[in-house]
1. Every residue in the range 350-363 that is more than 19 Å from the chain's Cα centre (by Cα) and either surrounded by 18 or more Cβ atoms within 10 Å (Cβ to Cβ) or farther than 21 Å from Thr214 by Cα (or both), please.
2. For the subset of the range 63-122 comprising residues that are acidic (Asp, Glu) and within 18 Å of Ala305 (Cβ to Cβ), which member is farthest from the chain's Cα centre (by Cα)?
3. For the subset of the range 121-137 comprising residues that are touching a Lys or Arg at 6+ places or on another chain (Cβ under 9 Å) and of a type outside the set (Phe, Trp, Tyr), which member is farthest from Glu108 (Cα to Cα)?
4. Mind checking whether some residue in the range 72-92 is more than 19 Å from Gly274 (Cα to Cα), of a type outside the set (Gly, Ala, Ser) and modelled with pLDDT of 95 or more?
5. Taking the conditions exactly as written (crowded, with 21+ Cβ neighbours inside 10 Å, among the aliphatic types (A, V, I, L, M) and within 24 Å of Trp255 (Cα to Cα)), does Leu347 satisfy them or not?
6. Just to verify a result, which residue in the range 326-351, among those that are part of a helix (DSSP H, G or I) and of a type outside the set (A, V, I, L, M), is farthest from Ala270 (Cα to Cα)?
7. Working carefully through the options Ala276, Ala289, Ala323, find the one that is among the small types (Gly, Ala, Ser), assigned to a helix (DSSP H, G or I) and either within 19 Å of Thr134 (Cα to Cα) or in contact with a helix residue (DSSP H, G or I) (Cβ under 8 Å, 6 or more places away or on another chain) (or both).
8. Quick one: which residue in Leu366, Leu371, Leu391 is in contact with a Pro (Cβ under 7 Å, 6 or more places away or on another chain), touching a residue at least 24 places away in the same chain (Cβ under 8 Å) and crowded, with 24+ Cβ neighbours inside 10 Å?
Amino acid sequence: MAGHPAQFRNDPRPLARDAALRARAARVIPGGMWGHMNAARLPQGYPQFFASAAGTRLRDVDGNEYVDFMCAFGPMILGYGDPEVEAAAAAQRGRMDIANGPGEALVELAELMVETVPAADWAMFAKNGTDATTACLMIARAETGRRKILVARGAYHGSAPWCTPWPAGTTAEDRAHLLPFEFNDPASLTEAAAAAEGDLAGILVSAFRHDARTDQELTRPDFAAAARALADRHGAALILDDVRAGFRLHLGGSWEPLGVRPDLAAWSKALGNGHAIAAVTGNDAMRAAAQRIFVTGSFWCGAAAMAAATATLRKLHRIGAVAHMEAMGQMLREGIAAQAAALGLGLRQTGPAQLPMMLFDDDPDLAKGSLFCVTALDHGVYMHPWHDMFLSAAHTEEDIRIALAATRKGLEAVARAQP
């Protein structure tokens with residue numbers, strides 16, 4: 001099966017207003033859109049612009065409604081516009097948001113982060129995941145006085161020049177001190193550390209392997225233990241990038257169930273349930289170095305986002321959010337697996353149930369996945385053909401039933417299109 005999914009379907013959803021907005025945007029925005037939310041990178045039929053969001057539902061500018069399984073690429077963990085979170089943010093904003101210094105919300109959130117994350121003795125805050133991963137590298141280098149950072153091949157850690165996967169506008173020197181290893185391969189990790197030749201500042205690892213367009217890999221306990229032992233042996237910092245997975249696998253950190261605790265961790269996405277906030281947490285060994293580096297931003301101490309994050313964390317604790325997300329994700333996964341088996345389709349579902357990836361066998365150009373996802377869109381469910389997806393604590397069994405009705409249509413479309 002090859003070709004664009006548009007040739008296999010007739011799009012029943014009106015997207016005229018979306019098309020008009022794209023044309024307007026192209027005149028005043030380079031390319032009309034940028035980054036990971038650029039719908040031009042997705043198959044025809046995906047909307048670019050949205051009008052409203054509530055709970056698990058998105059409505060595009062043409063009035064089409066979707067049950068959403070991307071959760072704004074992760075930030076939505078309690079549901080769009082969660083009333084408790086929004087009330088906390090609004091109350092704080094009514095008193096003060098940005099000022100000459102932070103509000104009490106800063107200390108309250110830092111205390112709650114330290115209480116929630118067993119590996120954390122302190123916390124500091126920013127706005128984006130890239131802010132947090134970059135600060136982690138700076139702290140590791142400040143603590144060790146060294147330069148080299150080990151990074152898994154294909155891993156995504158942000159959009160700064162040192163880590164962006166699209167190197168246009170950057171230089172080789174931006175990445176000169178990154179050394180690659182293969183995720184989940186302790187021997188490769190050891191070889192990369194040896195290549196640092198005594199200049200190893202840190203080992204940067206994702207919560208699990210969540211590279212785009214590839215099967216996901218859960219972190220093997222032996223790999224996590226090897227990373228911890230290697231960092232200790234070299235006097236380097238073990239850095240966990242929990243920006244994407246944070247609070248969906250374990251509230252205390254994604255590697256907490258593995259019994260391995262990092263020296264530093266980067267957080268963002270779900271922390272504020274859609275409010276712009278990121279965090280770095282660290283242990284006492286990294287405290288002095290964190291004081292020495294200079295990182296800041298005009299909006300990093302916004303109190304409203306900190307109040308939203310505090311409300312988010314408290315609710316995640318109270319409602320048993322991780323178990324619920326896992327249950328809903330497993331219900332979705334099992335339903336899709338049964339549908340695919342009944343149709344004789346090879347479909348691989350990898351990664352944690354809370355952050356699922358779906359890829360079809362024999363689909364090198366992702367045409368099957370594109371047809372599957374666009375057909376699901378036609379039936380009111382927003383999924384992604386090559387990026388991991390996100391379950392939230394707001395998803396219900398009814399949402400999963402709606403999703404499974406749409407995925408059945410998508411799988412049937414793929415089955416019909418096969419030669």
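1. Keep residues of the range 350-363 that are more than 19 Å from the chain's Cα centre (by Cα), which gives 360-363.
Selection gives Phe360, Asp363.
2. Here the residue is Glu104.
3. If we filter the range 121-137 for residues that are touching a Lys or Arg at 6+ places or on another chain (Cβ under 9 Å), which is where we start, we get 121-122, 129.
Still in the list and also of a type outside the set (Phe, Trp, Tyr): 121, 129.
Numbers: Asp121: 14, Gly129: 21 Å.
Restricting to residues being touching a Lys or Arg at 6+ places or on another chain (Cβ under 9 Å) and of a type outside the set (Phe, Trp, Tyr), the top hit is Gly129.
4. Of the range 72-92, the ones more than 19 Å from Gly274 (Cα to Cα) are none.
No.
5. Values: crowded, with 21+ Cβ neighbours inside 10 Å: yes; among the aliphatic types (A, V, I, L, M): yes; within 24 Å of Trp255 (Cα to Cα): no.
For Leu347, the condition - crowded, with 21+ Cβ neighbours inside 10 Å, among the aliphatic types (A, V, I, L, M) and within 24 Å of Trp255 (Cα to Cα) - is not met.
6. Kept after step one, since they are part of a helix (DSSP H, G or I), are these residues of the range 326-351: 326-343.
Add one more test, that the residue is of a type outside the set (A, V, I, L, M), and what stays is 326, 329-330, 333-335, 339.
Working: Glu326: 16, Gly329: 17, Gln330: 20, Arg333: 22, Glu334: 25, Gly335: 26, Gln339: 31 Å.
Of everything passing the filter in the range 326-351, Gln339 is farthest from Ala270 (Cα to Cα).
7. Values: Ala276 fails: assigned to a helix (DSSP H, G or I); Ala323 fails: either within 19 Å of Thr134 (Cα to Cα) or in contact with a helix residue (DSSP H, G or I) (Cβ under 8 Å, 6 or more places away or on another chain) (or both).
Matching residue, one of Ala276, Ala289, Ala323: Ala289.
8. Working: Leu366 fails: crowded, with 24+ Cβ neighbours inside 10 Å; Leu391 fails: in contact with a Pro (Cβ under 7 Å, 6 or more places away or on another chain).
Sole residue among the options that is in contact with a Pro (Cβ under 7 Å, 6 or more places away or on another chain), touching a residue at least 24 places away in the same chain (Cβ under 8 Å) and crowded, with 24+ Cβ neighbours inside 10 Å: Leu371.
The values are calculated or read from the model by the stated rules, or taken from the named source; none is laboratory data. The structure displayed is predicted, hence computed values, not measured ones. Cβ: placed from backbone, ideal geometry, glycine included. Neighbour counts: every protein chain shown.
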